[in-house]
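Since the structure comes first, as structure tokens, the remarks are kept for the end.
The values are calculated or read from the model by the stated rules, or taken from the named source; none is laboratory data. Only a predicted model underlies this, so the values are computations on that prediction, with no experimental measurement involved. Note that each Cβ is placed from the backbone with ideal geometry, even for glycine, and that neighbours are counted across all protein chains shown.
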Amino acid sequence: MAVFVQKFGGTSVGDPERIARCAGRVKQRVDEGHQVVVVVSAMGHSTDDLIELASRVSDRPERRELDMLMATGEQVSVALVAMALQRVGVPAVSLTGGQAGITTDGAFGRARVTRVDRGRLEAELAEGRVPVVCGFQGLSSTGEVTTLGRGGSDTTAVALAATLRVAEQGGCCEIFTDVDGVYTADPRLVPSASKLARISYQEMLELALLGAQVMHPRAVLFGERYGVPIHVRHSQRPDEGTMICRETPEMEEVMVVGAALKQDLGRVSLRRIPNNAGVQGLLFDAVAKAGIMVDDIMQTEFGEIASISFTVDHGDLADVKIAASKVLDRFGTGELAIEIGLAKISVVGTGMKSHVGVAARMFTALGAAGIPIHNITTSEIKISCILGKEHAQRALAISHEVFGLDQVGALQHAAVR
Ligand code: ADP
Ligand code: ASP
Ligand code: MG
């Protein structure tokens, strides 16, 4: 008997018919003789609807209250999924994140899982019941309801799978969603994208951080850290899906496995600031204390003065403006400029470690299409270009094409057989 954690995303539980089909998926595993823990997201767009509702009550709702509100979305779906399971003869019990033993830090809206107590889950499984757990939420050590960041139900699922050591008995974490696996790019944006049979944790993590919303980045981190095999599959169609797993030697043969797009970036620039030791520390310490994730950082120096720019999500611009203005006051000189309407296109592949000329190929293709690049960042396995959002879709398609990504899926599938 193996343990499987099965996670169903918002679209997959979007209406009663789909909920019934998800219950069928769970029943199938139970009938095979396995133990199953289910994790569910809020139905359809209900999290967006709740945020919208809050915005009609307050233009700056407190994060604590927003978490309390958003957490209700998942409570609706766990109760319904448990009822659907009971209806088909599978004993089930719905649980909030806190009831399922998930403890987080106290960072509302982007809390991190700090501990999972598996006592309640094990007790339910021992009684022959399927625990149906609210994704995306936990309880802080002081008893506050927290949420894990948009898309965070994936993280709940992988964290539970790690705690239950699913891999030890041949189980895994199944992420059921509205797409039949991980593609070389978002298939909604690049219709020629091909489906990958497998992808390494590192590659998936980079793609997720760079905008591929199919997996929550922290879920991939948990997967890698605790060796949880993650199987991404379509919730309504039988399919082979994609395995997210450890890197294998042949993965290095493929230069690039995926391209991603991150929209709605803004660039914050502090110009004409003193070029002294410690200015970067002061600035980014203030930004970090405001809880803002910084994307790419650029610095230029002109003798005694310097200019530092960084990109952030549009949603963080208001907070970043406050934090950066305070830092400028401390410097006593310099000016703040904010640009909006930027996007980031990235390509990712373990094979970049052993191939040369990857960056040149991407820049040449974008240049030939007349697309200006505002900034470039690279790591061992990724290249990212910041550009105007008006060029984003075309730049994604060009980057996808220049690395032959429409063929990568087929090549992988052929290699597996
Ligand atoms: P869920 O609600 O099931 O968590 P999400 O909407 O969070 O689903 O993630 C699935 C979506 O991710 C897909 O519908 C697809 O448009 C998008 N996506 C982005 N990049 C990729 C990719 N590389 N492969 C597959 N899907 C992707
Ligand atoms: N319901 C949450 C969201 O929409 C969590 C999730 O779907 O994973 O972000
Ligand atoms: Mg998701």
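Of the residues examined, residue 157 is not one that is surrounded by fewer than 21 Cβ atoms within 10 Å (Cβ to Cβ) and of a type in the set (A, V, I, L, M).
Rundown of residues vs (1) within 16 Å of ligand 3 (Cβ to nearest atom); (2) over 19 Å from residue 25 (Cβ atoms); (3) surrounded by fewer than 20 Cβ atoms within 10 Å (Cβ to Cβ), yes/no style:
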| position | (1), (2), (3) |
| --- | --- |
| 70 | yes, yes, no |
| 73 | yes, yes, no |
| 83 | no, no, yes |
| 86 | no, no, yes |
| 96 | no, yes, yes |
| 101 | no, yes, no |
| 106 | no, yes, yes |
| 110 | yes, yes, yes |
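Going by what's in this entry, would residue 299 be described as touching a residue at least 40 places away in the same chain (Cβ under 8 Å) and either more than 27 Å from residue 109 (Cβ to Cβ) or part of a strand (DSSP E or B) (or both)? In short, no. How many residues are over 18 Å from residue 71 (Cα atoms), without any contact (Cβ under 8 Å) to a residue 60 or more places away in the chain and crowded, with 17+ Cβ neighbours inside 10 Å if we restrict to segment 26-58? Matching residues across segment 26-58 total 1.
All of 30, 37, 26 fail the test of being more than 13 Å from ligand 3 (Cβ to nearest atom), modelled with pLDDT of 95 or more and assigned to a strand (DSSP E or B), apart from 37. Kindly indicate whether residue 47 is among the β-branched types (Val, Ile, Thr), under 22 Å from residue 217 (Cα atoms) and in a helix (DSSP H, G or I). Yes; evaluated as a whole, the condition is true for this residue. Here the strands (runs of 3 or more DSSP E) wholly within segment 149-265 that include at least 1 residues being more than 16 Å from ligand 2 (Cβ to nearest atom) are 198-200, 230-234, 242-245. State which residue is nearest to ligand 1 (Cβ to nearest atom) when the search covers only segment 1-23 and only residues that are modelled with pLDDT of 95 or more and assigned to a loop (DSSP other than H, G, I, E, B). Filtering segment 1-23 for residues that are modelled with pLDDT of 95 or more and assigned to a loop (DSSP other than H, G, I, E, B), the one nearest to ligand 1 (Cβ to nearest atom) comes out as 9. Within segment 333-351, the set of residues being in a strand (DSSP E or B) and more than 19 Å from the chain's Cα centre (by Cα) comprises 335, 336, 337, 338, 339, 340, 341, 342. Exactly one residue out of 158, 130 is among the β-branched types (Val, Ile, Thr) and within 16 Å of ligand 1 (Cβ to nearest atom): that is 158.
Of the candidates 42, 54, 20, the single residue that is small (Gly, Ala, Ser), away from ligand 3 (no atom under 16 Å from the Cβ) and farther than 21 Å from residue 128 by Cα is 54. Within segment 285-312, the set of residues being over 16 Å from residue 338 (Cα atoms) and of a type outside the set (A, V, I, L, M) comprises 285, 289, 291, 300, 301, 302, 303, 304. Failed condition for residue 71, given (1) out of contact with any strand residue (DSSP E or B) (no Cβ under 9 Å at 6 or more places or on another chain); (2) of a type in the set (Gly, Ala, Ser); (3) within 24 Å of residue 215 (Cα to Cα), with all others met? Residue 71 satisfies all of (1) out of contact with any strand residue (DSSP E or B) (no Cβ under 9 Å at 6 or more places or on another chain); (2) of a type in the set (Gly, Ala, Ser); (3) within 24 Å of residue 215 (Cα to Cα) except (1). State all residues of segment 133-148 that are outside any loop (DSSP other than H, G, I, E, B) and within 15 Å of ligand 2 (Cβ to nearest atom); if no residue qualifies, say none. Within segment 133-148, 133, 134, 137, 138, 145, 146, 147 qualify.
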